[in-house]
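The values are calculated or read from the model by the stated rules, or taken from the named source; none is laboratory data. Fair warning: this is a prediction, and the values are worked out from it, not measured in the lab. Counting neighbours? That spans all protein chains shown, and the Cβs are built from the backbone with ideal geometry, glycine included. Calculation scope for accessible area: heavy atoms of the full protein, side chains included, ligands and nucleic acids excluded. Shrake-Rupley method; radii C 1.70, N 1.55, O 1.52, S 1.80 Å.
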Amino acid sequence: MPLVTAGATLIAQALIGETYTAYNSSNAFIGVGDGTASFSASHTDLQGTNKVRKGMESGYPQRSANQLTFQALFGTSEANFTWNEWGIFNASTGGTMLNRKVESLGTKNSSQTWRVTVTITISA
């Protein structure tokens, strides 16, 4: 799961105490979209025509040692399209995209509720 340049810059800002918006329970969102464009570190948003960001379920995000876990629930009326990409954001619109992953997750329809869990491991 590659970081985008803006996400890496935000991490650097956090390390030295510069102003940034944290990916906490109030500001963290998982975004899903139907874009199929190859990953580029220069991306600042999902690339699809259809895209939805959803806030965290209660108790998320979580940290255990060097692992971060984000979890969101997309209800029956949300994100009913083919999911080909996802990312972590620190705002419901705009903000900073931490990462972007291009992968086919299937097609969600209005009779389904999908829970998305993303685990990020920070390693040397």
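Look at the range 8-22 and say how many of its residues are closer than 13 Å to I122 by Cα and not aliphatic (A, V, I, L, M).
The number of residues fulfilling the criteria is 0.
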Going by the conditions given, is E103 open to solvent by 10 Å² or more (accessible area, probe 1.4 Å), acidic (D, E) and either outside any strand (DSSP E or B) or at pLDDT 95 or above (or both)?
yes
Kindly indicate which of S104, S42, S38 is in contact with a helix residue (DSSP H, G or I) (Cβ under 9 Å, 6 or more places away or on another chain) and among the small types (G, A, S).
S42
Residues that are at negative phi and outside any loop (DSSP other than H, G, I, E, B): does the range 16-29 have at least one?
yes
Total residues in the range 77-98, condition polar (S, T, N, Q), surrounded by fewer than 19 Cβ atoms within 10 Å (Cβ to Cβ) and within 16 Å of T36 (Cα to Cα):
1
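Per-residue answers, yes or no, for (1) open to solvent by 50 Å² or more (accessible area, probe 1.4 Å); (2) without any contact (Cβ under 8 Å) to a residue 60 or more places away in the chain:
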site: A6; (1), (2): no, no
site: L15; (1), (2): yes, yes
site: K54; (1), (2): yes, no
site: S58; (1), (2): yes, yes
site: F74; (1), (2): no, yes
Filtering the range 30-52 down to residues that are of a type in the set (V, I, T) and either open to solvent by less than 30 Å² (accessible area, probe 1.4 Å) or not in a loop (DSSP other than H, G, I, E, B) (or both) yields I30, V32, V52
